[in-house]
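Working notes, structure below.
The values are calculated or read from the model by the stated rules, or taken from the named source; none is laboratory data. In this text the structure is predicted, and so the values were computed from the model without any measurement. Positions of Cβ are generated from backbone atoms using ideal geometry, with glycine treated the same way; all protein chains shown enter the neighbour counts. We work out accessible area using only protein heavy atoms, side chains counted, and drop any ligands, DNA or RNA first. Shrake-Rupley method; radii C 1.70, N 1.55, O 1.52, S 1.80 Å.
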Amino acid sequence: MKTISILGSTGSIGTQTLDVIRHDPERYRVAALAAGGNVELLVQQALEFRPSVVSLATKEAAERAASMLPDGIRVLHGEEGLIEAAAGAGAELVVTALVGSRGIRSTIAAIEAGAAVGLANKETLVAAGHLVTKLAEARGVSILPVDSEHSAIFQCLNGERRADVKKITLTASGGAFRDRTRAELKDVTVEQALAHPNWAMGAKVTVDSATMANKGLEVIEAHWLYAMPYEKIDVLLHPESIIHSMVEFTDNSVIAQLGVPDMRIPIQYALTWPERRPSPAPALDLAAIGRLHFRPMDLERYPCLRMAYEAGRAGGSAPLVFNAANEAAVERFLRGEIAFLEIEDTIAAMLDRFPPEPVDTYEAIAELDARVRREVTALR
C-alpha cells in the first residue's frame with residue numbers, strides 16, 4: 001500500500017487523483033489532503049479517505065472544516081499547514097496539484113522529507129527548476145511528471161539513453177481559439193477562453209492553453225525534467241490530443257505515447273510507476289477516431305510561447321518573471337480587468353522591466369515573484 005498526500009485535492013488534478021485511488025483502493029492510503037477554500041468538498045474527501053492531516057488556505061476555512069470532521073483528523077491552515085501536508089504526514093508520494101507558484105515551497109518541503117513528487121504544478125520547475133532538480137538529485141528523490149505531455153516524454157524515454165535523443169516534441173491542442181486568427185481574438189470573452197475543446201481543466205490552465213503560455217511553461221519544465229537544451233525541444237499542434245508527446249532519436253526513429261485525453265492515465269502512471277495497472281479511463285480506439293491532424297507551431301500567432309522560449313534561453317530570473325507575469329495577468333483577465341490579448345502584452349512588459357538576474361534561494365524567488373505581481377496589478 002502506497003501512502004500519498006495530495007496538495008490541491010479539490011482542483012481538477014486533485015479530484016482525478018482521488019478517482020484513480022478510488023478505482024484501486026487496496027493499493028493506496030491517503031495521508032494528507034490540502035486545498036484552498038472549498039471546505040465542503042475537502043470535508044467530503046476527508047470523510048471518505050480519512051487522512052491524518054487536512055489543510056486549507058485560511059484559519060476561517062480550517063475552523064469550518066474542523067467542526068465537520070472527527071477528532072482523528074488534524075485540521076491546519078496557511079503555508080505552514082500546506083508544508084505539514086507535504087512533509088509531515090509520512091507520505092511516500094506527494095502529488096503537487098496546486099496552481100501557480102505557491103506550490104514551490106511545499107514541493108521543496110516534500111523533497112527535503114524524502115518523498116517522491118508527482119508533479120502537476122509546472123510553475124515549480126519554471127520558477128525554481130535549478131533549485132528543485134538539484135535538491136531532488138541530492139536527496140535521491142524521483143520527480144514523476146503528471147502533465148500528460150511530460151508523462152508521455154517520461155514514458156518514451158524509458159530504457160533509452162539521453163545521448164541518443166535528437167529532439168522531444170510536445171504536442172499542443174491549440175486551446176479554445178486554435179482556429180481563430182489574431183484579428184479574431186481582440187474581443188474574446190472569459191467564457192469563450194474557458195471552453196476548451198478537449199480537456200476539462202481549471203480556469204487558469206485553460207486560459208493558458210488558449211494563449212499557449214501553458215505550452216511555454218511545459219517547454220521550460222521539459223528543459224529541467226530531462227536536462228534538455230531548448231534547441232532540442234519542439235512544439236507541434238495536434239488538435240485531437242491523442243498523441244500526448246513524442247521523442248525522436250538520432251537514428252530518426254520516433255517513439256510516441258498515445259491515449260484518450262483523460263488526465264487519469266498520466267496521474268495513475270505517476271502513482272504506480274514503474275508498474276502499470278488497469279485504468280478507470282476509457283481505452284483508445286484509433287479506428288473510431290479515423291484521422292489525426294498536425295500543424296506546425298506559429299510563434300507569431302502564439303507570442304506567449306515565443307516569449308517562454310526566450311525566457312528559458314535567457315535563464316536566471318527570466319522564466320520566473322514570465323510565470324509570475326502570466327499568472328497575475330490571467331487573474332486580471334478572469335476578473336474582467338484586461339482583454340485577452342493584454343495577457344501577452346503584460347508578460348512582454350514585465351520581461352522588459354525585469355532583466356534576468358541570478359535567483360539562488362527560495363527567498364529570492366519569492367521576493368521577485370511578489371514584485372512582478374505588484375507591478376502587474378499596478379498596470380492600467
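Structural remarks
- Stokes-Einstein diffusion for the stretch 170-240, with the hydrodynamic radius set to the Kirkwood value over Cα pairs and evaluated at 37 °C in a medium of 0.692 mPa s, equals 253 µm²/s.
- For the stretch 214-286, applying the loop criterion from DSSP together with a ceiling of 10 other beta carbons within 10 Å to the GluC sites (Glu not before Pro) yields Glu275.
- Nonlocal Lys pairs with alpha-carbon distance under 19 Å, the stretch 140-236 (8 or more apart, or different chains): 5
- Carbon + sulfur, % of accessible area of the chain - ligands and nucleic acids excluded, 1.4 Å: 51 percent
- Between Lys2 and Ala163, the contour length at 0.36 nm per residue exceeds the Cα-Cα span by 54.6 nm.
- For the chain, built as a Gaussian network whose Cα springs stay under 10 Å, the top-fluctuating residue of Leu47, Leu351, Leu225: Leu47
- Highest-fluctuation residue, Val146, Val188, Val219 considered, GNM on the chain with Cα pairs under 10 Å: Val188
- Between the stretch 310-380 and the stretch 68-123, the Cα center-to-center distance that results, in Å: 25 Å
- For the stretch 8-122, the solvent-accessible area works out to 38 Å² per residue, with a probe of 1.4 Å and every protein chain left in place.
- Counting heavy atoms of the protein chains alone, Asp187 has an accessible area of about 120 Å² for a 1.4 Å probe.
- Spherically averaged projected area of the convex hull of Cα atoms, the stretch 138-209: 7.6 nm².
- Against the rule of thumb 2.2 N^0.38 Å, how large the Cα Rg of the chain comes out: 0.95
- Three principal axis lengths of the stretch 259-334 [C-alpha, angstrom, descending]: 42, 31, 29
- For Val75, solvent-accessible area (1.4 Å; no DNA, RNA or ligand), Å²: 40 Å²
- Ratio of Rg to Rh over the stretch 11-72 (Cα coordinates, Kirkwood Rh, two decimals): 0.96
- Per residue value of the accessible surface for the stretch 304-380 (all protein chains in place, 1.4 Å probe), Å²: 45 Å²
- The base-10 log of I(q)/I(0) for the stretch 296-380, evaluated at q = 0.19, 0.21, 0.27 Å⁻¹, reads -0.80, -0.95, -1.34 [Debye formula, identical scatterers on Cα atoms, solvent excluded].
- With N as its number of residues, the stretch 155-306 has a Cα radius of gyration that, divided by 2.2 N^0.38 Å, comes to 1.09.
- Remark: the Arg50-Thr250 segment gains 67.1 nm on full extension, using 0.36 nm per residue and subtracting the alpha carbon distance.
- Magnitude of the charge dipole, the chain, Cβ model with Lys/Arg +1 and Asp/Glu -1, debye to 20: 280 debye
- Computed over the Cα atoms of the stretch 70-124, pair by distinct pair, the Kirkwood hydrodynamic radius stands at 11.3 angstrom.
- Taking a straight Cα-Cα cut-off under 16 Å and skipping sequence neighbours fewer than 8 places away in the same chain, the aspartates and glutamates within cross-link reach of Lys122 are Asp147, Glu149, Asp208, Glu218, Glu221, Glu327, Asp369.
- All alpha carbon pair distances within the stretch 223-380 were sorted into 5 Å bins beginning at 0; the resulting P(r) in whole percents reads 1, 7, 13, 14, 14, 15, 14, 12, 6, 3, 0.
- Given charges at beta-carbon only (K, R positive; D, E negative), |dipole| of the stretch 341-380 in Debye: 200 debye
- Approximate spin-label separation Leu284-Glu367, in nm, with each point projected 7 Å along Cα-to-Cβ: 4.8 nm
- Taking all Cα-Cα distances within the stretch 1-159, those exceeding 27 Å account for 18%.
- With the simple model of a label 7 Å out from the Cα in the direction of the Cβ, Leu258 to Arg27 spans 2.4 nm.
- Ligands, DNA and RNA excluded, the heavy atoms of Ser142 present near 40 Å² of accessible surface to a 1.4 Å solvent probe.
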